[in-house]
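The values are calculated or read from the model by the stated rules, or taken from the named source; none is laboratory data. Not measured: the values here are computed from a predicted model. All Cβ positions, even for glycine, are placed from backbone atoms using ideal geometry, and neighbour counts span all protein chains on display.
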Amino acid sequence: MPARHYDAIVVGGGHNGLVAAGYLARAGLSVIVLERRGIVGGPCGRVEYFPGYIGAISNSPGALEPKIAEDLELERFGLHFNRPNPLLVAPFPDGRAFTAWREKERSVEEIKRFSAHDAVAYYAFFDYLEWFAHRLGISVFEPPPSLPDMLARLKTPEDEEAFGKIFLCSIKSLLDERLETEEIKSLIAALGVVSNFVSPSWPGTPYMLLQRPLSLASTVKSEFKNDPRRQPMRGSTGLPIGGMGAITDSMRRSIEASGATVRTESAVAAILVRHGAARGVALASGEEISGSIVLCNVNPKTVFLDMLDRSVVDPAVRTRFEKLKMTGSAFKIGLALDGIPRHRAARNDGEVRLLSAYQFRCQRRSKNASAGRSKNASRLTAGRPPRGAFLRPRLFLGWTVG
Ligand SMILES: Cc1cc2nc3c(=O)[nH]c(=O)nc-3n(C[C@H](O)[C@H](O)[C@H](O)COP(=O)(O)OP(=O)(O)OC[C@H]3O[C@@H](n4cnc5c(N)ncnc54)[C@H](O)[C@@H]3O)c2cc1C
């Protein structure tokens, strides 16, 4: 017989599972998180690539929702950011580089080095996205609306036009309409294609840029400390001190302080179902844990094909999951360096250090970055390796513990 009953069992201790557990525990429910690995965090958790060189699979904390960080009091539980200035360096094949700064005036001057027109159009573009997110009136903290419900929110011809451009057109066409230099367009277009096997010419790519505006439009309290969403330059969140794993470590401390239990080395093998409802889980060790709610924060294919008994899953649903294609679109290479790389764009020794410390983006050698990525996306979807790649390297100086 199970030793203890929980109000909620969370299967998988990735950051989404930890966040769910945090809110449930703060609402007074008894919660247990069961994580297969020895650490929480999934790809966000710490990885020791080489002895003494610690990092994570993921590298960008920009998607961390400020409301969640505040509600779970992550700062109180040890999450602190280093907020470098500049935020981002994007070197170009011709030896120039774009450097983004926290101060808008400084970034405007930087964009002007490429185009005076784009220095205005860049910010106007992000204002446009924020305007549209407010028009949609969707809250990221509520269940998503149905498509008809969303369409019903479009009241004016301007709303409808923006919907068409953002959801149905490509980031390339939108940027071609608004900006004039390939370098500045490529800074934004990169965000539209991230994490997907798509090129900037694919319909729907502008939507990726709507995430921060939607978050802003959903937030009743508009100002959080160091709110990265107010900076339309990537890299604004900064770097968590201790690496990405510091985010999920602080989540773990926060939810444990709220009374939740987090168990690592506890792989769930099966979800136990009685009378048509989940009633607990069985661990790979054979131990059973009983719960009124089972929240799964693992791949849905694993849940429906492996964890649930065949008899309790509708065959049509099973078939859909069997057919669900899984293709990765990102990978990470860890390099231990014996010194700071010297970027060609750095004009003196001071800039070598300045430009190296922060996120920088590289793209293939092409005058027209959008066209280059379109060709690459076609190669990738055809199962062939890209010629040159869109890289998002990050140097984490001072991360070595050895
Ligand atoms: C190479 C790469 C780079 C990325 N870079 C970024 C980035 O820079 N920024 C960003 O925001 N996102 C990044 N992502 C995406 C990000 O990692 C995912 O969006 C995120 O991990 C999803 O979180 P999750 O909590 O939903 O699931 P996961 O993080 O996948 O967590 C699932 C957890 O469940 C556990 N688990 C699995 N099976 C079981 C089981 N049977 N029993 C118990 N536990 C189990 C796993 O060990 C894992 O800890 C990257 C992804 C990849 C692949």
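Suppose we filter region 326-349 for residues that are within 16 Å of the ligand (Cβ to nearest atom) and either surrounded by 11 or more Cβ atoms within 10 Å (Cβ to Cβ) or of a type outside the set (A, V, I, L, M, F, W, C) (or both); how many remain?
First, the residues of region 326-349 that are within 16 Å of the ligand (Cβ to nearest atom): 326-335.
Subsequent filtering for residues that are either surrounded by 11 or more Cβ atoms within 10 Å (Cβ to Cβ) or of a type outside the set (A, V, I, L, M, F, W, C) (or both) retains 327-330, 332, 334.
So the count comes out to 6.
Scanning region 7-52 for residues that are small (Gly, Ala, Ser) and assigned to a helix (DSSP H, G or I), which turns out nearest to ILE255 (Cα to Cα)?
Here the answer is GLY22.
One line per residue, one yes/no per condition, for (1) within 8 Å of the ligand (Cβ to nearest atom); (2) surrounded by fewer than 15 Cβ atoms within 10 Å (Cβ to Cβ):
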site	(1), (2)
LEU29	no, no
VAL33	no, no
ARG36	yes, no
GLY41	yes, no
PHE50	no, yes
GLY55	no, no
SER60	yes, no
GLU65	no, no
ALA69	no, no
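Do you know which residues across region 239-270 are surrounded by fewer than 20 Cβ atoms within 10 Å (Cβ to Cβ) and at pLDDT below 95?
Taking region 239-270 as the starting set, the residues that turn out to be surrounded by fewer than 20 Cβ atoms within 10 Å (Cβ to Cβ) are 241-242, 253, 256-259, 261, 263-265, 267, 269-270.
Result: ILE241, GLY242.
Of the residues that make up region 289-310, is at least one out of contact with any strand residue (DSSP E or B) (no Cβ under 6 Å at 6 or more places or on another chain), away from the ligand (no atom under 16 Å from the Cβ), modelled with pLDDT of 80 or more and closer than 30 Å to VAL31 by Cβ?
yes
Matching residues to (1) surrounded by 12 or more Cβ atoms within 10 Å (Cβ to Cβ); (2) among the small types (Gly, Ala, Ser); (3) in a loop (DSSP other than H, G, I, E, B); (4) without any contact (Cβ under 8 Å) to a residue 24 or more places away in the chain:
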site	(1), (2), (3), (4)
LEU79	yes, no, yes, no
ASP94	no, no, yes, yes
PHE114	yes, no, yes, no
GLU158	yes, no, no, yes
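Do you know which residues across region 1-28 are closer than 15 Å to ALA257 by Cβ, hydrophobic (A, V, I, L, M, F, W, C) and either touching a residue at least 60 places away in the same chain (Cβ under 8 Å) or outside the structural domain of GLY259 (by TED's automatic domain parsing) (or both)? Write out each step before concluding.
Of the residues in region 1-28, the ones closer than 15 Å to ALA257 by Cβ are 18-19, 21-28.
Adding the requirement that they be hydrophobic (A, V, I, L, M, F, W, C) leaves 18-19, 21, 24-25, 27.
Result: LEU18, VAL19, ALA21, LEU24, ALA25.
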